[in-house]
Amino acid sequence: MLIGKIKHSPVAHARIKSIDVSKAKALPGVAAVLTYKDIPRVAHSTAGQTHPLPSPLDTFSLDSKVRFVGDRVALVAAETEEIARQAVDLIEVEYEELPAIIDPRDALKIHDEPDYVDFAESDRTRNLAAHIFVDIGNVDQGFAEADHVFEGEFLVPKVQHVHLEPHVVITYWDEDDRLVVRTSTQVPFHARRILAPVLGLPVKRIRVIKPRVGGGFGGKQEVLVEDAAGHLTIATGRPVKMELTREEEFVASRSRHPMIVRLKTGVKSDGAITANEMSLISDTGAYGSHALTVAGNTGHKSMALYVGDGKYRESPNIRFTAQTVYTNTVPSGAFRGYGVPQGVFAVELQMERIARALELDPIEFRLKNALRAGEAQPFSKAWSEGREPVPEYIETCALEECARRAAEVIGFREKRGSVEWHAVPGQPHLRRGVGLALAMQGTAIPFIDMGGASLKMNDDGSFNLLVGATDIGTGSDTILAQMVAETVGCEVDDIIVYSSDTDFTPFDVGAYASSTTFISGGAATRAAQDVAQMIREVALEFLGEGVSLADIRLADRKAIAPDGRSVTLEEIALRSLHSSNQRQIMAVASFNSPVSPPPFTAQFAEVTVDTQTGEVRVQKLVTVQDSGVIVNPIAATGQVEGAVTQQLGYALTEEMPFDDKGRPLMRTLQDYHIFTATEMPELVVEFVQ
């Protein structure tokens, strides 16, 4: 196996005038050095999204132009990592530097290649990777009828995923002359589809295997190293391993979209919102993966939560404008929450400012205007991930219960109303406070996200569950096994789960959009229901006349008749496989949903602020969440705690600044501060089902 390495650009924007790889190729132990001259130029998007891609095709494996510090210049494969690093350093490049655009407000034309492929919502003549305009109701009239109009501008920074396992891939030719891509990915099936044209291979000659994944958070919903290793395997005929360093993760992978968000809100004196308008500039960096859909979700979820009250609830007035621009910085991409945290940050600050200005209770003001069960999700009628809008209705909503429970746990009203509590005895420069935020997300993308599962019964009454669902540390392998075990009446240990191998497992869109339990679990449960019916049919041969299929209960590894007689799953399996009426008990099913049931959350924080330095310390965080029926409370709680840890860093300590040359200033975890276990505040997580 060879070790693959990437030579990265030291400049933010330049044409490659010349590139000399002779010294690198002459180094003993170097197997291949590839530049843009050596591989086909195929425009593609690295975004792991469903077909057809809602993204511009603006990326090339290697190009004669670099667009950010960290962009690819050349690929190297060598016998050892040390030799590969040395070869990278021996490659001599002469650059013709071009003006670099760092601030999204200064964004100019960047993409000028004839084979760059626009799509419906992008416009390279205006340097837009995507643009969105949504107008619901009569916004201008809503503002005219308002007693008060509030405006504000909110900035959110670029931050990194910092999954503990970096991007890593191994590529090799198998015995059937097919390219195997073993990769830490959230989207194996999307990766295969994206790789095929880039590597010049038909889909059927590529097999993508997802092993255990050490975290993703959206950063691995991209094809970032797979094509590079694939090109090197094709060039050398040998296996290639490519693993990014932590510095490469910061300078050359993906990040959260920084945004400039402007809000304008009209309100009656009693707190009824009459109109809401959001306009934002989203910085996609050098390439436009996820440019449209992230910005769209910023409005889709945050703007739809507060619809107004009275006649304004019946006919909300909402306007949303988004422009996603290119800059010469590290590309942005998918990141947990997928654009919604940016919008919620702005909206919740706006709600708090309105409540204070009008002297309204901050909880009651929010709940007065918030969506309720039975109402339409207003944004769903106007926008849906760049596809035809799919109207949705809120079937269940426990937001009010979440807010009231969280307020009770943290003692919100008692602390907020106590002058004494806000002061810290003996330290007049310190002040304590409590705050809140409400939010709404989504679960899967309607009529787009789909998962498949197959379930096969073995001789001993155990089962093989094959799912395309991708467990990236979320525990989905365990949760899907639980759902199947409950349906067929066995123990979780009897379910052997194999997930995400494009040769063997059914299709699944991958781990994103908070969809795995809902979508992949729907497929696994359907397959299990079909298998359960077959088990009952065979059990009927044992239990005899007088028992109907509907009467047979599956539990404790048995099929049980109403009178208590039973037959074990092992006996049923053996009879099915080895009797005269032989058949394999197995089923394949898929699931796709026409709706995206939104979870709701209320989060409250207790903090201490140093009024002299601005330092903020968080003492306690309470999160109460409505996520539907919780299949595995321990796993679900872990997911929320992990999300809270990430959002704390986003709010207080994490940021990826650049100097005026576009060079990233954060390259290590010593400089880029994520919260450690010892720094975490007290966390309380509860669910309302």
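Compare the peptides 249-256, 578-585, 90-97 by average per-residue count of other Cβ atoms within 10 angstrom and give them in order, highest first.
249-256, 90-97, 578-585
Sort 57-66, 597-606 by packing, meaning the average of other beta carbons within 10 Å per residue, with the highest value first.
Result, highest mean first: 597-606, 57-66.
Could you do me a favour and compute the accessible area per residue for the chain, 1.4 Å probe, result in Å²?
40 Å²
In a shell of Cβ-Cβ distance under 12 Å around Val588, excluding Val588 itself, what net charge do Lys and Arg (+1) and Asp and Glu (-1) give?
Once all neighbours under 12 Å are counted, the net charge is +1.
Rg over Rh of segment 12-65, using C-alpha atoms and the Kirkwood radius, what does it come to?
1.11
What's the long-distance tail for segment 329-429, i.e. % of Cα pairs beyond 25 Å?
More than 25 Å apart: 42 percent of the Cα pairs in segment 329-429.
Any chance you could run the full-extension gain for Val203 through Lys620? It's 0.36 nm times the residue separation minus the Cα-Cα distance, nm to one decimal.
So the chain would gain 145.1 nm between Val203 and Lys620.
Given R₀ = 25 Å, what would the calculated FRET efficiency be for Glu571 paired with Tyr498, taking r from the Cβ atoms and rounding to 0.05?
So the FRET efficiency works out to roughly 0.45.
Give me a comma-separated list of calculated 3J(HN,Hα) values for segment 532-537, in order, Karplus coefficients 6.51, -1.76, 1.60 applied at θ = phi - 60°, integers in Hz, x for any Gly or Pro.
Values per residue, Gly and Pro as x: 4, 5, 5, 4, 4, 4 Hz.
Evaluate the Debye formula for segment 526-661 with equal point scatterers sitting on the alpha carbons, no solvent, and hand back log10 of I(q)/I(0) at q = 0.22 Å⁻¹, in q order, two decimals.
Scattering profile of segment 526-661, log10 relative to I(0): -1.26.
How large is ³J(HN,Hα) for each residue in segment 155-165, as worked out from phi by the Karplus curve 6.51 cos²θ - 1.76 cosθ + 1.60 (θ = phi - 60°), to whole Hz, x for Gly and Pro?
10, 10, x, 7, 9, 9, 5, 6, 5, 5, 8
Let me see the pair-distance distribution of segment 127-167: every alpha carbon pair, 5 Å bin width, integer percents in order.
Reading the bins upward from 0: 5, 10, 11, 14, 16, 13, 11, 7, 5, 5, 2.
Based only on the alpha carbon positions, what is the Kirkwood hydrodynamic radius of the chain, in angstrom?
So the Kirkwood estimate lands at 27.2 Å.
What is the sum of charges around Val169, taking Lys and Arg as +1, Asp and Glu as -1, for the other residues whose C-beta is under 10 Å from the C-beta of Val169?
-1
Take the Cβ-Cβ distance between Glu491 and Arg41 as r, set R0 to 51 Å, and report the resulting FRET efficiency rounded to the nearest 0.05.
The computed FRET efficiency comes out at 0.40.
How much of the accessible area of segment 393-439, probe 1.4 Å, is carbon plus sulfur, in whole percent?
53 percent
Report the equivalent ellipsoid semi-axes for segment 248-304 in whole Å, largest first, defined as the square roots of five times the eigenvalues of the gyration tensor built from alpha carbon atoms.
One finds semi-axes of 32, 10, 9 Å for segment 248-304.
Given C-alpha coordinates of segment 623-688, what is the ratio Rg to Rh with the Kirkwood estimate of Rh?
For segment 623-688, the value is 1.14.
Could you state the number of Å between the C-alpha centres of segment 427-487 and segment 228-285?
About 23 Å separates the Cα centre of segment 228-285 from the one of segment 427-487.
Sum up the charges of everything whose Cβ sits under 9 Å from the Cβ of Arg557, counting Lys and Arg as +1 and Asp and Glu as -1, but leave Arg557 out.
Combined, the nearby Lys, Arg, Asp and Glu give -3.
Gain in length, Gln670 to Glu420, computed as 0.36 nm per residue apart minus the alpha-carbon separation, to one decimal in nm?
86.1 nm
Under 14 Å from a label point 7 Å along Cα→Cβ of Phe447: give me every residue in segment 372-404 with its amide N that close.
Under 14 Å, as judged by backbone N against the label point of Phe447, lie 380-393 of segment 372-404.
Can you send over the carbon and sulfur percentage of the accessible area for segment 563-685, probe radius 1.4 Å, protein chains only?
Carbon and sulfur atoms account for 53 percent of the accessible area of segment 563-685.
In what sequence, highest mean first, do 170-180, 433-443 appear when ranked by Cβ atoms within 10 angstrom?
433-443, 170-180
Can you list residues from other chains, or at least 5 along the same chain, whose modelled amide H is less than 5 Å from the amide H of Asp503?
So Asp503 has HN proximity to Val208.
For segment 219-283, what D do you get in µm² per second when you plug the Kirkwood radius from alpha-carbon pairs into Stokes-Einstein at 25 °C and 0.890 mPa s?
After rounding, the answer is 151 µm²/s.
Can you show me the helix-derived [θ] at 222 nm for the chain, built from DSSP H runs with n ≥ 4 at -39,500 (n - 2.57) apiece and divided by the number of residues, rounded to the nearest 500.
Taking each H run of at least 4 residues, the total per residue is -8000 deg cm²/dmol.
Restricting things to alpha carbons, find the Rg to Rh ratio for segment 140-281 using the Kirkwood radius for Rh.
1.27
Out of segment 410-501, which chymotrypsin sites (Phe, Trp or Tyr not before Pro) are coil in DSSP terms and have no more than 16 other C-beta atoms within 10 Å?
Phe447
From the phi of every residue in segment 267-274, what ³J(HN,Hα) in whole Hz does the Karplus formula 6.51 cos²θ - 1.76 cosθ + 1.60 yield, where θ is phi - 60° and glycine or proline is x?
Here the 3J(HN,Hα) series is 9, 6, 5, 7, x, 6, 6, 9 Hz.
If you wrap segment 1-97's Cα atoms in a convex hull and average its projection over all directions, what's the area in nm²?
The orientation-averaged projected area of the Cα hull of segment 1-97 comes to 7.0 nm².
As a quick test, which of the pairs Lys37/Lys204; Lys158/Lys381; Lys7/Lys65; Lys5/Lys37; Lys65/Lys241 have an alpha carbon distance above 21 angstrom in this structure?
Beyond 21 Å between Cα atoms: Lys37/Lys204; Lys158/Lys381; Lys65/Lys241.
Just the number, please: carbon plus sulfur as a percent of the accessible area of segment 471-551, 1.4 Å probe, no ligands or DNA/RNA counted.
Looking at segment 471-551 in its full context, I get 49 percent from C and S.
How much space per residue, in cubic angstrom, does the convex hull of the C-alpha atoms of segment 381-530 take up?
Taking only Cα atoms, segment 381-530 has a hull volume of 212 Å³ per residue.
The values are calculated or read from the model by the stated rules, or taken from the named source; none is laboratory data. Owing to the predicted nature of the structure, the values given are computational and were not obtained by experimental measurement. We place every Cβ from the backbone using ideal geometry, glycine too, and count neighbours over all the protein chains shown. Side chains are part of the model used for accessible areas, which takes the heavy atoms of the whole protein and leaves out ligands, DNA and RNA. Shrake-Rupley method; radii C 1.70, N 1.55, O 1.52, S 1.80 Å.
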